[in-house]
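Report on one structure; see the data block that follows.
Just so it is clear, none of the values below were taken in a lab; they were calculated from the coordinates. Just so you know, these numbers come straight off a predicted model, no measurement behind them. A quick note on method: Cβ atoms are made from the backbone with ideal geometry, for glycine too, and the neighbour counts reach across all protein chains shown.
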Amino acid sequence: MRFNIVSRTIALSVLAVLLALPAMAAESGGPAQGAGLPAELRNLQSPDLNVRIKAAQALGEIADPAAIPALAEASRDSELLLRIEAIEALGKIRDPRTIAPLTEALHDKTWKARARACQALGKTLDPRAVDPLVDALKKDDNWNVLAKAAEALGEIGDPRAVPALIDGVKKYCCAVRRQIMESLGKIRDPRAVPVLIDALKDDVWETRREAAFVLGDMGDRRAVDSLIVALTGNYSLSIRRRAAEALGKLGDPRAIGPLIDTMRGEQGELRLEAARSLSKFHDPKAARAIMDELSEDERHKVREMSKEQEEHLEAPAAVPSAHAPASLTPYSE
């Protein structure tokens, strides 16, 4: 009797272990990982377009390099929707073998597929994608593709792209120029500073605003004088705010006087932006001006603006996180 009880207990224990194995494999990324690959590869050959599209999407989520040849073939399909999904799936597979089919997709007959190929190449972060993307930036005739090529070059961050990006600032439409300037800000190559300074005088206000923002992020003090002109000149409120913000990031003492004058002579958001930038200098003159000019409620708003900016800052090294609140705290009532 005791033997039967022991045998039954052992059998139940073995059964429990066997039942738990699939879940354990899935959690550990073992045999269950990529288990759907053969089925999705078959579905990619289905006569039903919707099935093929879903298969391409699933293969992108699985991200198994074994799917690259099939997805590369799908990226040449006659159906645009399938080509786009296959291109996007290739971009999710971190494997150098995706560069060739994605580069080929840069020559697709439709701009939507070419733009998606630019995005996918940017996601690879592979330096080998730089030359094809630069070629697209120079030669494509659709502004959407040009903007996506510029964005992808910024994501990769290779300085080899800088000459083509600089050239693009001078010749493309406003939407493309803004994206190019954003990418130049990510690469942070000093060769870009002169063209960004020139962009502060662009005819389009959005371009001037973006140039001010990027110059602040790049941290090159060659831009200080031009940003002071943008702050104090006859520019729109949004551009002057960007200039004030950029001057605070650069931290050059030449900006203290113009920022104090702006804080004293303006109202609303520009006044507070100037005060927030002044708070980063840790300068007694700037601190006293903040205390003399701002009400307690305004100083509170400046602290909140600083806190909000630090919480959303993508590059913490550009502006030390404790500077603005710390410089205001000793003078708060």
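Taking every Cα-Cα distance in the range 94-159 and sorting them into 10 Å bins starting at zero, the pair-distance distribution P(r) comes out as 26, 61, 12 percent.
Residues in the range 229-242 carry Karplus couplings, in order, of 4, 5, 5, 9, x, 8, 10, 5, 4, 5, 5, 5, 5, 4 Hz; the curve used is 6.51 cos²θ - 1.76 cosθ + 1.60 with θ = phi - 60°, and Gly or Pro positions show x.
When C173, C118 are arranged by Cβ crowding within 10 Å, least crowded first, meaning fewest neighbours, the order is C173, C118.
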